[in-house]
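What follows is one structure encoded as structure tokens, with my remarks underneath.
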Ligand code: NAI
Ligand code: MN
Ligand code: ZN
């Protein structure tokens with residue numbers, strides 16, 4: 001089988017590897033589509049602190065179960081599945097409170113262990129979720145990115161009367177817009193980005209107002225309209241944004257953050273406590289696959305609106321370069337295996 005391997009930072013090779021065999025409790029997936037994510041690019045460049053090399057990257061993938069390990073029901077062979085990349089121990093404190101995504105022994109498929117940019121991949125059987133026929137093969141790998149939005153919104157509990165502000169109209173910002181609109185019915189969703197093409201995508205994904213903050217800050221533009229968001233989500237994740245998010249937020253607002261920057265940001269206690277802001281962080285997802293599969297099959301979210309490119313797996317280098325360098329033309333880039 002062929003696998004896309006980052007042998008060491010900066011070195012991507014398509015290797016021929018011996019066929020994987022599923023261990024006890026695992027399934028083997030014949031991969032058909034996989035999505036490229038910012039974190040794949042980070043592993044490629046050596047900017048992901050969790051990655052070990054060599055690594056088969058890819059954590060957003062879809063395929064068919066074609067073999068099962070000992071202890072797994074053989075009737076699962078043939079199932080169309082998407083894979084939850086979160087592998088957890090099941091017994092530590094976070095696991096015991098339903099938060100396997102921050103398990104103390106967390107292993108992320110495609111980061112800590114080999115992933116889905118490959119003809120075949122293996123995963124624990126319980127991480128393979130069957131998708132209904134109403135979700136086409138080409139869109140099924142989009143379940144994972146929407147689980148990120150599902151996870152953060154589960155903390156934030158959006159309501160129709162919220163005024164939501166999202167920083168960033170990349171894949172993460174767009175999935176959040178769709179979930180706020182399509183699932184929670186939030187009436188006013190405002191999105192800020194610096195790239196006009198991305199703002200246009202934000203509108204197409206349901207944003208009510210798309211603000212370009214390249215020359216004029218979000219703070220100024222909201223003040224001119226007398227708007228105080230009650231829900232703010234940072235899906236751009238520059239360390240400077242948290243401070244602005246807290247400053248523009250209404251008293252009693254909820255603020256959600258998803259960034260992993262190691263740089264400090266400067267925020268005062270006063271700016272948070274005086275408005276009694278609730279601050280939530282969210283990492284990956286905790287058992288959100290069934291929920292997102294349901295949203296997708298009910299048409300509450302529209303993954304096709306994010307997919308701008310689909311390329312053959314062997315063109316992975318070109319695909320990753322396009323994804324990284326051309327944020328104007330690209331949103332989600334899929335690989336076909
Ligand atoms: P992306 O880079 O495609 O999109 C970010 C967008 O934010 C870009 O369109 C950029 O123009 C915009 N932006 C940057 N600075 C801005 C600013 N100051 N104001 C307004 N817009 C600004 O990235 P993607 O894939 O959408 O991911 C966004 C972030 O989410 C990344 O930092 C990533 O690490 C993080 N992430 C977090 C996850 C989690 O579970 N916590 C999971 C996946 C991604
Ligand atoms: Mn991802
Ligand atoms: Zn655990």
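Just so you know, all these numbers are worked out from the coordinates, no wet-lab data involved. What you see is a predicted model, and the numbers here were worked out from it, not measured in a lab. Note: ideal-geometry Cβ built from the backbone for every residue, glycine included; neighbour counts use all protein chains shown.
A few remarks follow.
- When you restrict to C-alpha pairs under 8 Å that are six or more residues apart and normalise by the size of the chain, the relative contact order lands at 17 percent.
- The Cα center of segment 292-337 and the Cα center of segment 1-59 differ in position by 17 Å.
- DSSP beta bridges in segment 86-231 [antiparallel fraction, %, rounded to 5]: 15
- Of 73, 208, 114, the one that fluctuates the most in a GNM where the chain has Cα springs shorter than 10 Å: 73
- Within the chain, helix-based [θ] at 222 nm, where runs of 4 or more DSSP H residues each add -39,500 (n - 2.57), nearest 500: -7000 deg cm²/dmol
- Protection proxy ranking of 128-137, 171-180, 247-256 - average other beta-carbon atoms within 10 Å, highest first: 171-180, 247-256, 128-137
- DSSP bridge orientation in the chain - percent antiparallel, rounded to nearest 5: 55
- Gaussian network model of the chain, springs between alpha carbon atoms under 10 Å - residue of 170, 46, 116 with greatest fluctuation: 46
- Spatially, segment 78-120 and segment 183-257 are offset by 31 Å when compared through their Cα centroids.
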